[in-house]
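All remarks here apply to the structure that follows.
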Amino acid sequence: MKKLTRQEIEASIAAVGSKQIVLVGQDLRGLDLSGINLEGANLNSAQLQGAHLDQARLKGARLQQADLAGADLTYADLAKADFYRADLHSATLQHANLQEAYFGNTDLRGADLRECNLSKARFHFANMRDADLRDANLKGADLTNARYNNATRWPDGLDPTMVGALWRRR
């Protein structure tokens, strides 16, 4: 499978609209997709390690089992995105809109989620060890069985055990 370019992706979006784009399993590692509109796109199992998706529009995107390790998603709109079993370790999501996003079994180790809108997001069994959630909006978020450690940084005043998160050393 050949590696796609931003120009090829944008041409397809222009032809059929972002919701029809299927990038399942595509190698998009390190690609600059800053500001791109991939709203509703299917990126399941895509390789996006180190990709630049800052300010991208990915509302309702499907990112199940996608590898976004080290990706830059600063200020991205990821409302209602599905990250089931995705790898977001060491990703930068600062200031992103992740309202109602699903993070079931997602790897968020060391992710930068500072000042994100995570209202009504679901983190069932997510690995949140070493993640930084300072100043994030977690109103209505479901942290049932999310795992964290002493290095996980929470918004001021939040006791993670009171909302169902589980402390784990490793």
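The values are calculated or read from the model by the stated rules, or taken from the named source; none is laboratory data. Source: prediction; values computed, not measured. Cβ atoms come from the backbone with ideal geometry, glycine included; neighbour counts cover every protein chain shown.
Residues of segment 110-125 being under 12 Å from the mean Cα position of the chain (by Cα) and not in a strand (DSSP E or B), which ones? Passing the criteria: Ala111, Leu113, Cys116, Leu118, Ala121, Phe123. For segment 36-57, the condition of being part of a loop (DSSP other than H, G, I, E, B), modelled with pLDDT of 95 or more, over 12 Å from the mean Cα position of the chain (by Cα) and acidic (Asp, Glu) holds for at least one residue.
Residues of segment 58-102 that are of a type in the set (S, T, N, Q) and part of a strand (DSSP E or B): Thr92, Asn97. Restricting attention to segment 149-160, the residues that are farther than 18 Å from Arg122 by Cβ and outside any loop (DSSP other than H, G, I, E, B) add up to 1. Of the set (1) out of contact with any Gly (no Cβ under 8 Å at 6 or more places or on another chain); (2) within 24 Å of Thr161 (Cα to Cα), all apply to His95 but (2).
Quick one: in segment 140-168, of everything that is closer than 17 Å to His89 by Cα and of a type in the set (D, E, K, R), which residue is surrounded by the most Cβ atoms within 10 Å (Cβ to Cβ)? Per the stated criteria, the residue is Arg147.
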